[in-house]
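Trainee: Structure provided below as structure tokens; questions to follow.
The numbers here are math on the coordinates, done by the rules we state, and not lab data. Note that the coordinates shown come from a computational prediction; the quantities given were computed from them, not determined experimentally. Here Cβ is always computed from backbone atoms with ideal geometry, including for glycine, and neighbour counts include all displayed protein chains.
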Amino acid sequence: MSKKIVVAGAGHGGIAAAALLARKGFDVTLVEQNEEASLGYDWRDCIQLSCFEETGLEPPPQSELEPLRNLSYFNPRKTVCIPPRKECSSVSMMIERKFLVQHLLRQARESGAELRFSCRAKGAITEGTRVTALETDDGVLPCDLLIDAAGIDSPVRKSLPAECGVLREIAPEDTLFTYRALYEDTGESADMPIYSAYFFHCGNKGFNWVFRDGETVDVLVGSFGGITPQIVQTALADFRTDHPYLGERLLRGGAYSKIPLRRTLPQFVCDGYAAIGDSAAMIEPLSGSGMVLSIRAAGYLCDAVEAASTFSRAELWAYEQAYFRRNLHHILHSDMLKDVLMQMGEKNIDAMFEKKVITTKELNGGKQTAADLWHKATGVLTTPSSIPALWPMVRRSRTEPRLAITLPKTYDAHAVAAWQKAYAAF
């Protein structure tokens with residue numbers, strides 16, 4: 001098969017796509033700016049094993065997986081703890097990110113993909129609105145299709161002409177700036193959930209957690225709009241008050257990074273181009289997890305590429321359509337809840353927790369009864385300052401079913417443009 005595919009970046013979705021497409025006989029080259037040994041964050045994250053079964057990729061061995069427990073959530077002033085609704089099933093597990101990257105790279109290599117490390121992607125080369133090559137530090141790589149897996153600040157996506165229709169910049173307000181580290185466990189006892197998450201922790205607009213997990217304590221400090229060492233140190237000091245087992249000695253991690261905490265881009269394909277993973281903001285907007293969505297997306301992309309002849313935007317719409325058809329409800333629901341929590345402010349979040357407007361059913365999933373809805377309405381009406389943040393959620397919840405119904409099954413330029421405009425305005 002003569003079709004040349006270049007993958008820019010060794011994100012989970014990009015590596016998975018390289019493995020699947022090379023297995024189908026495509027000529028695949030993956031380029032990554034970092035050395036292979038440095039790839040992957042030095043901590044564990046959640047993975048759903050179903051994404052491997054769905055795509056036909058080899059799942060990680062059971063020996064590399066650990067059970068996952070749901071979070072308990074605290075309001076800003078820590079007067080209410082919302083416990084997990086139930087333990088996660090064995091489908092969701094924890095895995096070392098470095099191992100997962102190597103596990104996917106091995107499959108890509110064995111499938112015949114060429115892997116080039118220490119090779120920085122500089123941007124796309126286009127003819128009109130068609131992407132024809134990737135420019136790198138090592139020269140130009142012509143291609144029939146360029147898969148962009150270069151992350152939230154992808155130089156490939158940023159280099160696309162505006163006429164391609166792909167959003168080039170992800171705004172700071174849609175970005176969670178994070179610090180993640182594993183510290184030693186001092187062994188001290190504490191009457192706190194071992195998986196604790198906090199909204200607006202220490203007055204910071206964002207989302208933090210502290211996990212006690214065996215010999216280490218996993219800490220995340222996440223802030224919208226930017227993060228500083230002072231924000232991190234303030235959060236750690238407060239954590240150590242409530243979680244005295246959080247030691248001072250850093251064992252692993254200690255990295256600052258950025259997550260595109262927004263719903264997936266309304267358009268992530270154009271002629272000769274398809275984005276995947278963080279490049280397309282394929283993220284769960286409340287938790288910030290994107291590994292599962294990205295690996296699943298690789299399967300959708302492989303199916304679309306296999307059926308295509310010219311890799312036009314019209315042909316690649318099948319990739320977008322499959323992604324949104326299977327993930328739209330979850331993405332929009334999480335995006336709505338994230339926006340409400342961030343726009344409501346500390347005092348209103350405290351009131352919503354204390355009046356049981358926000359419960360485990362909102363944060364961990366669960367069917368709402370009529371009594372639930374009546375109780376929540378009463379809580380909102382007695383907290384009028386929360387209404388400006390909640391009302392847009394009511395309006396958006398009415399729009400969501402319409403977006404699912406009107407998602408075009410096949411490519412029609414006017415219908416797709418109208419749907420993407422409605423999705424972007426959601």
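Trainee: Can you list which of the GluC sites (Glu not before Pro) found in the stretch 79-155 are DSSP loop residues with at most 15 other C-beta atoms within 10 Å?
Mentor: Values: sites: GLU87, GLU96, GLU110, GLU114, GLU127, GLU135; in loops: GLU87.
Filter output for the stretch 79-155: GLU87.
Trainee: Once amide H atoms are placed 1.01 Å from N in the peptide plane, what residues at a sequence separation of 5 or more from THR132, or on another chain, have their amide H within under 5 Å of its amide H?
Mentor: ILE125, THR126, GLU127
Trainee: Another question, if that's okay. Can you compute 3J(HN,Hα) from phi for each residue in the stretch 376-390, using the Karplus curve 6.51 cos²θ - 1.76 cosθ + 1.60 with θ = phi - 60°, rounded to whole Hz and x for Gly and Pro?
Mentor: Each residue's phi maps through the Karplus curve to give 5, 4, 5, x, 5, 5, 8, 10, x, 5, 7, 4, x, 7, 7 Hz.
Trainee: Mind checking the angle between helix 97-111 and the chain's longest principal axis? C-alpha axes, 0 to 90 degrees, to the nearest 10.
Mentor: 20 degrees
Trainee: Counting only DSSP beta bridges with both residues in the chain, what percent are antiparallel, rounded to the nearest 5?
Mentor: Working: 54 of 72 bridges.
So the antiparallel bridges in the chain amount to around 75 percent.
Trainee: If you don't mind, there's one more thing I want to ask. Counting residues in the stretch 218-262 as N, plug N into 2.2 N^0.38 Å and put the Cα Rg over that result.
Mentor: Numbers: Rg = 11.6 Å, N = 45, 2.2 N^0.38 = 9.3 Å.
Taking the Cα Rg and dividing by 2.2 N^0.38 Å, one obtains 1.24.
Trainee: What residues have an amide H closer than 5 Å to that of ILE170, excluding those fewer than 5 places away on the same chain, when H is modeled at 1.01 Å from N in the peptide plane?
Mentor: Sorted by chain and number, the residues that satisfy this come to none at all.
Trainee: Here's something else I'd like to know. Can you give me the distance in nm between label points at LYS421 and ARG109, each placed 7 Å from the Cα along the Cα-to-Cβ direction?
Mentor: The two pseudo-label positions are separated by 5.0 nm.
Trainee: When you have a sec, figure out the Kirkwood radius of the chain from all distinct Cα pair distances and drop it here in Å to one decimal? Write out the running numbers ahead of the final one.
Mentor: Details: mean 1/r = 0.0443 Å⁻¹.
The answer is 22.6 Å.
Trainee: Simple spin-label model, 7 Å along Cα-to-Cβ: TYR41 to LYS367 in nm?
Mentor: That separation, rounded to one decimal, is 3.5 nm.
Trainee: Return P(r) of the stretch 173-260 (all Cα-Cα pairs; 5 Å bins starting at 0; whole %; ordered from short to long distances).
Mentor: 3, 15, 29, 25, 17, 8, 2, 0
Trainee: Only helical DSSP H runs with n ≥ 4 go in: add -39500 (n - 2.57) per run for the chain, normalise by residue count and round the 222 nm mean residue ellipticity to 500 deg cm²/dmol.
Mentor: Calculated at 222 nm, the ellipticity per residue is -12000 deg cm²/dmol.
Trainee: How far, in nm, would the chain grow between GLU354 and LEU337 when pulled straight, counting 0.36 nm per residue and subtracting the alpha carbon separation?
Mentor: Details: separation 17, 0.36 × 17 = 6.12 nm, distance 1.73 nm.
In short, 4.4 nm is gained.
Trainee: Can you pull out the trypsin sites (Lys or Arg not before Pro) in the stretch 90-146 that DSSP calls coil and that have at most 16 other Cβ atoms within 10 Å?
Mentor: Filter output for the stretch 90-146: ARG120.
Trainee: Mind listing the long-range amide H neighbours of ASP213? Cut-off is under 5 Å, sequence gap 5 or more, other chains count too, H placed in the peptide plane at 1.01 Å from N.
Mentor: The list, which skips near neighbours in sequence, is ASP218.
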